[in-house]
Amino acid sequence: MVEISTSILSVKKEEAIQTFYDIETAKTDYFHIDVMDGKFVNKNTNELMLEYCDYLSNITNLPLDVHLMVEDVPNFIEEYAIYKPNIITFHYEATKNEDELKKWIQQIKEKNIRVGISIKPNTKVEEILKILPYIHVVLIMTVEPGEGGQELIPETIEKIRKLKEYIYQNDLEVDIEADGGINKENVAEIKQAGCDIIVAGTSIINSKNYSETIATLSL
Ligand code: DX5
Ligand code: ZN
């Protein structure tokens, strides 16, 4: 069984509190927080996501899974760490060199938060293999970051398979998370490839019955 991290990016503000209750009742494992800065990607969702984190901190004990699609990673780590998320993920492509990468990993670890590194569809798994012993999660983007509701890029599934094999061969303890365009139709293949945490936004939020959708995605 895989874990489900529900992306709240497409949740409407007027319905936010009720929707968060409903997602929790439907047994999501995490709330996935998509933070965009208007630089690393075009959209800027920071204000909305901070507001949603405030709501969530008042109404739920479920873990938060923060996905930073930003350039200025250290400042955003500080801004979101106050919500005590379970995972903070930043993008490998946002780092200039290995020193910076290690510094940011350390910054998250010092706060007792699990560290995730994300790679975009065109970044090869090979580029991040040597940092695997220092992190907890690899988030494989199955769409280009920047927007919910896109279609999954099929070639990204092979990256999950490759990474899983490497983690197994090297006896590492790293979870694989897949994010973007995942729905009831394509989830089986993602799971077979070895994914541990599935992010789903619109396929849950646009469904009539959250419980049924989450159960189908996770089983
Ligand atoms: C894309 C985000 C994803 C995405 C998930 O930039 O990181 O989390 O919004 O939404 P769906 O499941 O609709 O692709
Ligand atoms: Zn995301």
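Ranked from highest to lowest mean number of other Cβ atoms within 10 Å per residue, what is the order of the peptides 35-45, 197-207?
197-207, 35-45
Quick one: which residues, 5+ away or cross-chain, put their amide H under 5 Å from the amide H of ILE4? H built at 1.01 Å from N.
Here the answer is ASP29, TYR30, ILE198, since their amide H atoms fall under 5 Å of that of ILE4.
In segment 178-219, which GluC sites (Glu not before Pro) fall in coil by DSSP and have 12 or fewer other Cβ atoms within 10 Å?
Listed in order of number, the matching sites are GLU185.
Can you tell me how much longer the chain between ASP99 and GLU155 gets when fully stretched, taken as 0.36 nm per residue apart minus their C-alpha distance, in nm with one decimal?
17.1 nm
Under the 0.36 nm per residue contour assumption, what length would be gained going from the current alpha-carbon distance of GLU185 and ASN58 to full extension?
Values: separation 127, 0.36 × 127 = 45.72 nm, distance 3.44 nm.
Gain on extension, GLU185 to ASN58, equals 42.3 nm.
Which entries of LYS13/LYS103; LYS39/LYS184; LYS13/LYS208; LYS84/LYS191 show an alpha-carbon separation above 25 angstrom in the structure shown?
LYS13/LYS103; LYS39/LYS184; LYS84/LYS191
Note down the nm distance, to one decimal, between modelled labels 7 Å out along Cα→Cβ at GLU127 and at THR202.
2.6 nm
How big is the chain along each principal axis, measuring the range of its Cα positions in Å and listing the largest first?
For the chain, the Cα extents along the three principal axes come out at 42, 36, 30 Å.
What's the carbon and sulfur percent of segment 3-218's accessible surface, probe 1.4 angstrom, rounded to a whole number? Before the final figure, lay out each step's value.
Working: 4500 of 10250 Å².
Solvent-exposed carbon and sulfur of segment 3-218 make up 44 percent of the total.
Please give the per residue accessible area of segment 1-51, computed with a probe of 1.4 Å over protein heavy atoms only, in Å². List each step's numbers first, then the result.
Working: 2540 Å² over 51 residues.
Each residue of segment 1-51 exposes 50 Å² on average to a 1.4 Å probe.
Answer rounded, prolate or oblate for segment 140-208, using the Cα gyration tensor with square roots of eigenvalues a ≥ b ≥ c: rounded when a/c is under 1.5, else prolate when a/b is larger than b/c, else oblate.
Taking the square roots of the gyration eigenvalues as a ≥ b ≥ c, segment 140-208 is prolate.
Got the relative contact order for segment 98-152 handy, in percent, Cα pairs under 8 Å and 6 or more residues apart?
Details: 45 pairs, mean separation 18.9, N = 55.
This gives 34 percent for segment 98-152.
Provide, as a two-decimal number, the C-alpha radius of gyration of segment 1-123 over 2.2 N^0.38 Å, N being how many residues it has.
The reported ratio for this selection is 1.05.
The values are calculated or read from the model by the stated rules, or taken from the named source; none is laboratory data. Remember, predicted model here, so these are calculated numbers, not experimental data. So basically every Cβ, Gly included, is an ideal-geometry build from the backbone, and we count neighbours across all protein chains shown. The area values use the complete protein model at the heavy-atom level, side chains included, leaving out ligands, DNA and RNA. Shrake-Rupley method; radii C 1.70, N 1.55, O 1.52, S 1.80 Å.
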